[in-house]
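Take a look at the structure set out below.
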Amino acid sequence: MSIIKAEALRYKYPMQDELALDHLSFSIDKGEFIGIIGENGAGKSTLCQALNGLVPHFHKGAYGGTVTVAGKTVHETSVGELSTIVGMVFENPVVQITGAKLTVYEEIAFGLENLGLPRSTIIERVDEAIELLNLAEVRDKSPFALSGGQMQRVAIAGMIAMRPEIMIFDEPTSQLDPQGATEVFEAIETLSRNGVTVLVVSHQMERLARHADRIMLMHGGRLVAFDTPERLFAMDFSGISVRRPVYTEIVRTVQKAGGISAETVPVTLEGAAEWLVKHRG
Ligand SMILES: Nc1ncnc2c1ncn2[C@@H]1O[C@H](COP(=O)(O)OP(=O)(O)OP(=O)(O)O)[C@@H](O)[C@H]1O
Ligand SMILES: [Mg+2]
């Protein structure tokens with residue numbers, strides 16, 4: 001059952017000549033973990049905003065085609081209503097913390113309080129988010145006293161407490177150290193296992209390849225490929241600089257030397273090791 005569907009979606013920012021989104025058509029099933037990759041300016045962030053409604057409600061410009069999220073047509077649905085369906089987490093954890101509250105617990109409850117939900121519901125949802133994102137140890141601390149990875153998990157918890165069916169992460173680990181990035185990818189994986197549909201924009205190919213069911217490759221506003229990591233990273237993309245997982249590069253180097261061509265490639269350490277053992281000699 002598709003939860004996101006785009007049909008000939010196109011969009012041009014005001015005063016720009018080129019389409020930022022150029023006839024995108026795709027569908028995503030409920031519960032899928034989707035990676036989004038592409039060079040700078042490919043249109044990744046614009047696509048995210050076309051799902052939560054900032055395009056076309058906030059960013060005006062020329063818009064065509066349709067996108068539906070959980071059955072709602074984005075250009076006919078208010079940003080407020082869309083925000084209960086689509087949660088968005090950005091690059092910088094610091095700017096996502098409201099700063100209005102003293103503790104992690106209160107920070108996570110903030111959005112729910114604004115919705116005016118009953119106290120018992122708020123407590124239940126915040127406790128659940130804290131549990132899911134492994135934040136029990138820091139619940140009484142100030143959000144600003146945390147590591148980048150912890151802070152980003154607080155931002156995710158605040159979002160998840162709102163119970164969106166879809167969560168979009170736009171380069172959520174680009175400002176984090178490797179430990180923080182691991183924490184955040186594991187948190188996203190947990191949400192995914194709990195049935196949330198997740199879309200993650202990232203340049204961390206090894207992590208995306210390990211977690212994603214399918215990856216979208218964007219270029220110049222177009223969707224160049226949308227497939228499983230094993231199939232996508234086996235493709236040749238002339239003129240587009242796509243970094244592949246290092247494990248894939250090793251296997252492809254061996255394949256090229258041996259004149260082997262394949263429709264799928266290993267994308268993880270374990271997968272590459274297995275392939276190399278199998279093709280020894
Ligand atoms: N607010 C804006 N106003 C005008 N043009 C914009 C705006 N935001 C993005 N663009 C343009 O739209 C195109 C797509 O940009 P977008 O930010 O979606 O790319 P991206 O893939 O997210 O890139 P990055 O990897 O740098 O984050 C680019 O040509 C960019 O210059
Ligand atoms: Mg971007």
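We did not get these values from a lab; they are worked out from the coordinates using the rules stated. Every value quoted in this text rests on a predicted model; they were computed, and no experiment measured them. Cβ atoms come from the backbone with ideal geometry, glycine included; neighbour counts cover every protein chain shown.
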For this session: Taking a cut-off of 18 Å between Cα atoms, list the lysines near residue 141, but don't count ones fewer than 8 places away on the same chain.
Result: 101
Exercise. Tell me which lysines have Cα within less than 30 Å of residue 72's Cα, excluding those fewer than 8 residues away on the same chain?
Worked result: 5, 12, 30, 44, 60
Exercise. Which whole-number percent is the relative contact order of the chain (Cα, under 8 Å, 6+ apart)?
Worked result: 22 percent
Exercise. Tell me, which longest segment in the chain has none of the trypsin sites (Lys or Arg not before Pro) that fall in DSSP loops with at most 15 further Cβ atoms within 10 Å?
Worked result: 61-242
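When the gyration tensor of the chain is built from Cα positions, what are the square roots of 5 times its three eigenvalues, in whole Å, from largest to smallest?
33, 25, 15
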Exercise. Which Cα, out of 41, 126, 102, lies furthest along the positive dipole direction of the chain (beta carbon charges, K/R +1, D/E -1)?
Worked result: 41
For this session: Name the helices (complete DSSP H segments) of the chain with a Cα length along the long axis of 15 Å or more and a Kyte-Doolittle mean of at least 0.5, or state none.
Result: 148-160
Exercise. Taking the Cα centre of region 131-252 as the origin, how large is its charge dipole in debye, to the nearest 20, when only Lys and Arg (+1) and Asp and Glu (-1) carry charge on their Cβ atoms?
Worked result: 200 debye
Problem set entry | Charge dipole of the chain about the Cα centre (unit charges at C-beta), most positive-ward option of 71, 246, 168 | 246
Exercise. Picking from 142, 52, 111, whose Cα lies most toward the positive end of the charge dipole for the chain (charges on Cβ: Lys, Arg +1; Asp, Glu -1)?
Worked result: 52
Exercise. Which longest uninterrupted range of the chain lacks any chymotrypsin sites (Phe, Trp or Tyr not before Pro) assigned by DSSP to a loop state (not H, G, I, E or B) and surrounded by at most 15 other Cβ atoms within 10 Å?
Worked result: 59-236
Exercise. Expressed as a rounded percentage, what relative contact order does region 1-83 have, with Cα pairs under 8 Å and six or more residues apart?
Worked result: 36 percent
Exercise. By a straight-distance test (C-alpha under 19 Å), which lysines pair with residue 278 as possible cross-link partners, with residues fewer than eight away in the same chain excluded?
Worked result: 256
For this session: Using Cα pairs closer than 8 Å and at least 6 residues apart in sequence, work out the relative contact order for region 193-281, in percent.
Result: 26 percent
Problem set entry | Dipole magnitude (debye, nearest 20) for the chain, charges at Cβ of Lys, Arg, Asp, Glu | 440 debye
Exercise. Mind checking which of 217, 199, 132 has the largest fluctuation in a GNM of the chain, springs on alpha carbons under 10 Å?
Worked result: 132
